[in-house]
Amino acid sequence: MPKMINLMVACAENRVMGRGNRLPWRIPEDLKFFHEETAGKTIILGRICYQTWPRAREDGRRLIVVSSDRSLEADGVRVAGSVPEALEIAETLPGEIYVTGGERIFQEVLALDRPMRLHLTLVHAEVEGDRYFPEWRHLAWREV
């Protein structure tokens, strides 16, 4: 049986989660929660998310970057050419699997028929941006 996939995202009411390769807000408590929750976990993320997350390689995270750029491989960083390949690698690593973005990665993962948990920080605002979290409200989620 495949491992549970945890999606970790913060987005605004209009689903915006990024602007200019950055978060369009600053919420220190949420950032702290994000770093604590992902510490020591296997993380699947896109190239831009990896390159713009200064602490990605800290705290024992096992990173799998979805990219065609193999030069990103480093100690603690694997590169996968696709989301299915990233999940295949993640299944061989210990612990939980977290997906932390970006937009295309979330789209592909949400389309899978796998057990998943959504860790969502919903920012109660309409925010301008250029990256969106896919619509999730129609999916069979159970809020806890």
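Values as computed for the structure displayed
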read-out	value
The stretch 99-115 residues that are free of Cβ contacts under 8 Å to residues at least 40 places away in the same chain, paired with ones that are in a helix (DSSP H, G or I) and surrounded by 14 or more Cβ atoms within 10 Å (Cβ to Cβ) (beta carbon under 9 Å, 6 or more apart)	Glu108/Val83
Flag if Cys11 is outside any helix (DSSP H, G or I), closer than 17 Å to Phe133 by Cβ, in contact (Cβ under 8 Å) with a residue 24 or more places away in the chain and of a type outside the set (A, V, I, L, M)	yes
Tally, over the stretch 99-113, of residues that are over 8 Å from the mean Cα position of the chain (by Cα) and either assigned to a loop (DSSP other than H, G, I, E, B) or on the phi > 0 side of the Ramachandran plot (or both)	3
Residue within the stretch 71-80 that is hydrophobic (A, V, I, L, M, F, W, C), surrounded by fewer than 20 Cβ atoms within 10 Å (Cβ to Cβ) and closer than 25 Å to Trp141 by Cα present	no
Out of Gly95, Gly76, sole residue that is of a type outside the set (Phe, Trp, Tyr) and either in contact (Cβ under 8 Å) with a residue 24 or more places away in the chain or in contact with a Pro (Cβ under 7 Å, 6 or more places away or on another chain) (or both)	Gly95
Flag for Thr42 being touching a residue at least 60 places away in the same chain (Cβ under 8 Å) and within 21 Å of Arg104 (Cβ to Cβ)	no
The stretch 89-106, subset of a type outside the set (Ser, Thr, Tyr) and in contact with a helix residue (DSSP H, G or I) (Cβ under 9 Å, 6 or more places away or on another chain), residue surrounded by the most Cβ atoms within 10 Å (Cβ to Cβ)	Val99
Test for Arg47: is it farther than 20 Å from Lys3 by Cα, under 15 Å from the mean Cα position of the chain (by Cα) and either at pLDDT below 95 or of a type in the set (Lys, Arg) (or both)	yes
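The values are calculated or read from the model by the stated rules, or taken from the named source; none is laboratory data. The structure presented is a predicted model; accordingly, all values stated were derived computationally and were not measured. All Cβ positions, even for glycine, are placed from backbone atoms using ideal geometry, and neighbour counts span all protein chains on display.
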